[in-house]
Each structure stands twice: as structure tokens, then as C-alpha cells.
Amino acid sequence: MPDNRSEILAEAHHSLPSKRHTVPNSQKLNVRVLTTLESLEMLRPAWDELLSQYPQASIFSTWEWLAPWWRAFGADQQLHVMAFEDMSSRLVGLAPLSISTQATLGKKWKVLRLMGDGSGDSDNLDVPVVPQYADDVATRLLQYLEEHPKTCHFCEFNTLPATSIIANRLILLLQEKCWSYFVHEKPTSCVALPSDWEVYLDQLSGKMRKDYKYSRGKLEKQANSRVYRCARYADLPGCLEALFELHQKRWQSAGEPGSFSSVGRRRFYQDLSAVLLERSQLEFWLLEIAGKIVAADYGFRYNDTVYALQSGYDLAYGAASPGFYLKATMLKALIESGVRHYSFLRGFTESKARWNAQLSHYLHIDFAPPRSMGAIYLRIRHGSRDGEEWLRAHLPKSTWKFLQDLKAHIRSRST
């Protein structure tokens, strides 16, 4: 998915309240750290139960998404999943995390991230909790990092939904404990679907309704035209190859490499699709004309939400808008099956807005313990003026020069 998102950068204490309820029970939570996929798999029954109790749960916090992702992209990272259990050993919170290493100016920085982050494939990453334990889990997470300072230099928690219970608790805690932290907002968008297709059509513009009528008329007149959902294992390899080819041709024609130029990403989709199909969560729709797939729309369902991930269409049929027609036909079927939200995930564009998608945002939280090297790094990376003034006044000249060189290096890499 090409990323054309704008970034809004702000330090969180300018906009968030400073008071929070002090929870005395966080010390009663036991923290188990899981470092292998095998040990994490043994947690699946308790993990599924936890997700059933978490209102903001999404496909991106499930074993079905994270395990295939880890097998495809986790080779250069270290698994560091934190399982929070109450006094009866019940799982009340799960932080699927991993440790990666960044090298800058000869120094290696250990970064704690949400598992699934880094490849550009995952959105809506989160720390699911039993809601009444949210304060305990957020408190215990920071306590763990204080007690184990060698775990990482700093943390990057990216693409947390704005409604994430832990994200909002964590920001308040970071402020209270005087940690160095920065919050970014990046756009996402979602369509709230009514229970009736005609009602939804009426919500769209007159031009959209006219375009739908035109493309439906053009394409349904084609010989042996059909729209279908990939629902059989035997069809999956061919459908995926069609998606890869259509997506690549579309983006390469625009001078972009395309997501599926990566062999690892193709394998990820193959692994993921088989898992989702087995659980009836795969929403992979195709438009076929005369036995040839001319458009593909790949997504997946979790509860009453479908997430749109990738799509492609045959440029030879571009005048008839096959991708547009496929999405409209798919949305009609999804509405009739009880889907009430259609998420476009990251970004907000005109093409998404015309489907009546509403703008929201993800939270990206970077944080590090106070007076740590990670805190210094984050303040320089985010251009915190007050942090620089304090450092210049208190650090030796040689150290200050090193940090200025570091700052210049970071800026040169971001341009």
C-alpha cells in the first residue's frame, strides 16, 4: 500500500489531561515474557478469550495475523511478548512486542516495538486488555521497563487506534512519570455501513451512483462476467497470483515498485490467506470475465468489521472501472451479510472519501525513561527545543558535538 500520509507531530502534554486514577494493584500482576513463537502459540486459548473481552480488538492483534507476519518478517528481530496475569493466573493483558536494532553513528540502539510493525503491512496494532485492568497493565508495563533497563533504549508503539485503552492510559502515565515521550497522529479512515444497501447508496454522491450504474452496465454485459468470493483452498493459489500480477502492473505503470515485488510479502499473503480462509475470515473478492480475473480486492473480516488491504485491476478494462465495480458489488454483499464497518486502514484520500469513509487517526507513541540515552535520542530526533537547551547547558562540549552530529545524520536520512 503506497503511503502518502501527512504527519502531525506534537508533544502529548500540550493536549492531554494531567490527572489519572492511581491504581494500587499493578504490583499484583505477574509478567511473563515469551520469546519464541512456539511458547506464544501455547497461549492461544487464553489469548482468544482476552480478545473476546476487549472492545477494540481487531484482526491485527490476533495469532492469525501476527504468527504469519513473524514468520515472514521477524528474522532480524527478537520476540519479547509480555503476558500480564492476575493472581489467579488469568491472562488480563497482552503486549505483543519485539526488539529490533538500529545502528546510527556507530551506536546500536535497541528499539521495543509492537509485533507486526516495520514491514508496512500491519495497521491498528494494539495491547489488548480486560478493560478494568487497563491501568494496572499500563503501570506494570512501565514498571517492567524500569526494572529491566537493558531491554531497550527506547520504545516505538506505532499505529495504535485512537480508541486504544492502553494507548491513552500510557500517555497519561508517561506524563505523570516524567518520561520523554512524543505522540504523532497519522490518518486512517473507515466507512460506517448501514444495514441496507439502498440506504448506503443514497449516502453516496450522485456521481458515484451514476458511475456505479455505468460500470455495472458495461461489465455485466461482458461474456461470462461474474463476481465471487474466494472460498475454496483449491482456488486460493490462482486467486493470489492474479492479485499479485494485477497489483504489480497497476503500480509499475505509475512508476512505483509495488508491494508484491517482495518474495517475503508474497509468502506472507499465502500463509495468512490459508489461515484466514480456514477461520472464514478471508474477504477476498474477484471479478472474472470470460474465465480471466480482471480485478481483485483483498481483505479480511473480524467480528462486524472488514479491513481492506490490497487491490488491483486489469488496465485493459480501465474505462469500465472494474476495481470500482468490484468494490461496490462486494460492499453490497458485505452489508447483506451483517458487516457494519469497512476500514480502509492507513491514509485518507479522495478515492476513499467518496465511499463515505470518515477520517480518524492512529497514535504513534515514542517514549524512553527520563535521563536515559534513549530519551536524548528521541529529543534530538523530534527536535525538542527545550531538551536541546538543557543538554547544551549540562553536557560536556565533546558530548554535545557528538549529539549535534547525530542530529544532522538523522535529518539527512529523513530527507
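Points to keep in mind about this one:
- Simple spin-label estimate for Q270 and K210 in nanometres, 7 Å along Cα-Cβ: 4.6
- Those trypsin sites (Lys or Arg not before Pro) in the range 354-386 that DSSP places in a loop and that have at most 11 other beta carbons within 10 Å: R371
- Placing a pseudo-label 7 Å from each Cα along the Cα-to-Cβ vector at A223 and E350 gives an inter-label distance of 3.8 nm.
- Given charges at beta-carbon only (K, R positive; D, E negative), |dipole| of the chain in Debye: 1000
- FRET efficiency, E278 to A162 (Cβ-Cβ, R0 41 Å, nearest 0.05): 0.85
- Residue pairs exceeding 25 angstrom between C-alpha atoms, taken from K292/K327; K108/K186; K28/K107: K108/K186; K28/K107.
- Extension gain (nm, one decimal) between N303 and Y233, 0.36 nm per residue minus Cα-Cα: 23.0 nm
- Hypothetical label at S253: residues of the range 290-327 whose amide nitrogen lies under 12 Å (7 Å Cα-Cβ projection): 295, 312-323
- Residue order for F268, F154, fewest other beta carbons within 10 angstrom first, comes to F268, F154.
- Coordinate range of the alpha-carbon atoms in the range 105-148 per principal axis, descending: 43, 31, 10 Å.
- R0 of 41 Å, Cβ-Cβ distance E176-S52: FRET efficiency to nearest 0.05: 0.85
- Highest-MSF residue in the chain out of E241, E156, E350 [GNM, Cα springs under 10 Å]: E350
- When R226, R250 are arranged by Cβ crowding within 10 Å, least crowded first, meaning fewest neighbours, the order is R226, R250.
- Net charge over other residues, Cβ less than 10 angstrom from the Cβ of G118 (K, R count +1; D, E count -1): -3
- Test item: Cα-centred dipole of the range 74-195, Lys/Arg +1 and Asp/Glu -1 on Cβ, debye: 360
- Footprinting exposure proxy for M208, M82, M87 (fewest neighbouring C-beta atoms within 10 Å first): M87, M208, M82
- Considering only T101, A67, M82, and ranking their Cα positions along the charge dipole of the range 66-113 that arises from unit charges at the beta-carbon of Lys, Arg, Asp and Glu, the one farthest toward the positive end is T101.
- Compared with the direct C-alpha span, the chain from S39 to S360 gains 112.0 nm at full extension, assuming 0.36 nm per residue.
- Here the average projected area of the convex hull drawn through the C-alpha atoms of the range 194-339 stands at 9.0 nm².
- Here is how the number arises for the chain: DSSP H runs of 4 or more residues each give -39500 (n - 2.57), the sum is divided by the residue count, and the result at 222 nm is -12000 deg cm²/dmol.
- The per residue volume of the convex hull around the alpha-carbon atoms of the chain is 157 Å³.
- Cβ-derived FRET efficiency at R0 22 Å, Q404 paired with I99, nearest 0.05: 0.20
- Quotient of Cα Rg and 2.2 N^0.38 Å for the range 140-195, N being how many residues it contains: 1.47
- Around R250: net Lys/Arg minus Asp/Glu count, Cβ-Cβ under 13 Å: -3
FYI, it's all coordinate maths here, none of it is from the lab. Source: prediction; values computed, not measured. Positions of Cβ are backbone-derived with ideal geometry, glycine not excepted, and every protein chain shown enters the neighbour counts.
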